[in-house]
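Working notes, beginning with the structure itself.
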Amino acid sequence: MAEDKKGFILYADQKELFDQLSSDKAGKLIKHIFAYVNDENPQTDDLIINIAFTPIKNQLKRDLVKYEEKRDKKSISGREGNLKRWHLDLFNEYSKGVYTLERAEIIAKGRKVSHPDKVQSHPIAKIAVNVNDNVTVNDKVNDNVKESKEAVFKKNLLTFQENYPLEMLEKFFLYWTEKNPNGKKMKFEMQKTFDIERRLLTWSKNEKNFNGNSNGKMTLERKQELNRNILSELMEGKKWAIYQS
């Protein structure tokens with residue numbers, strides 16, 4: 001029986017089984033049942049008790065499976081509610097399938113808790129941004145939402161700084177936060193699915209293959225693309241300052 005389960009069910013139609021037993025056998029069967037549900041692994045050589053107990057044991061097992069499924073469902077609902085309350089941005093990403101619940105919780109653990117239902121805006125570790133990149137409160141709510149998404153993307157990206165070089169993470173950030181011509185969506189938002197962990201893995205592999213095939217030399221097209229991204233960031237007043245503590 002589950003450790004946190006304090007009760008079990010005997011069904012009314014099982015009365016017929018008990019009625020067919022003598023009072024002595026019925027008493028032994030009840031004791032056998034209680035020993036079983038308390039994980040005492042009872043054994044008996046009494047054939048009648050064994051025969052009578054078998055259907056009861058099978059029903060207890062089915063009830064336990066239902067209980068554990070219901071408990072797990074409640075646990076997931078509670079975890080989702082907690083994530084939504086304290087890390088709304090991560091909950092939204094989880095709802096879209098960007099993160100698993102476990103991954104979203106890992107990211108959340110690395111954050112300092114702010115007021116419920118607000119987007120996190122606390123800086124993380126070794127990459128700093130200038131004041132122009134901070135989310136500020138003003139009358140342009142839509143602009144704040146855009147900045148918040150970019151800030152959230154950056155913070156999520158920084159959770160991988162122990163796995164990848166900061167220079168690579170910066171290139172990744174500049175590429176995927178490039179806005180479309182009307183400036184309403186960033187490149188990563190226009191993807192049908194975007195798992196940042198898998199995208200980073202692919203990016204890293206491609207970068208290694210590129211460096212291995214070209215002796216570390218960057219093609220003219222790639223340089224131009226990176227320069228366009230960096231220029232775009234500078235024109236918007238958003239520049240990364242990278243340092244290691």
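The values are calculated or read from the model by the stated rules, or taken from the named source; none is laboratory data. Since this is a predicted model, take the numbers as computed values, not measurements. Note that we place each Cβ from the backbone using ideal geometry, even for glycine, and neighbour counts take in every protein chain shown.
Some values worked out for this structure:
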| read-out | value |
| --- | --- |
| Count of the range 10-43 residues which are among the β-branched types (Val, Ile, Thr) and at pLDDT 90 or above | 2 |
| Where Lys61 falls short, out of the listed (1) modelled with pLDDT of 85 or more; (2) more than 30 Å from His32 (Cα to Cα) | (2) |
| The one condition in (1) modelled with pLDDT under 90; (2) buried (at least 19 other Cβ atoms within 10 Å of the Cβ) that Trp176 fails to fulfil | (1) |
| Leu83 being of a type in the set (A, V, I, L, M, F, W, C), under 20 Å from Lys155 (Cβ atoms), in contact (Cβ under 8 Å) with a residue 24 or more places away in the chain and assigned to a helix (DSSP H, G or I) | yes |
| Among the residues listed as Ala35, Ala52, the single one being free of Cβ contacts under 8 Å to residues at least 12 places away in the same chain and assigned to a helix (DSSP H, G or I) | Ala35 |
| Tally of residues being out of contact with any Ser or Thr (no Cβ under 8 Å at 6 or more places or on another chain) and not in a helix (DSSP H, G or I) across the range 147-173 | 6 |
| Subset of the range 185-200 (residues that are charged (D, E, K, R) and either under 17 Å from the mean Cα position of the chain (by Cα) or loosely packed, with under 11 Cβ neighbours inside 10 Å (or both)) | Lys192, Asp195, Glu197, Arg198, Arg199 |
| Options Arg71, Arg103, Arg111: the member that is surrounded by 10 or more Cβ atoms within 10 Å (Cβ to Cβ), in a loop (DSSP other than H, G, I, E, B) and of a type in the set (Lys, Arg) | Arg111 |
| Lys66 being modelled with pLDDT of 90 or more, of a type in the set (Lys, Arg) and under 23 Å from Gly7 (Cβ atoms) | no |
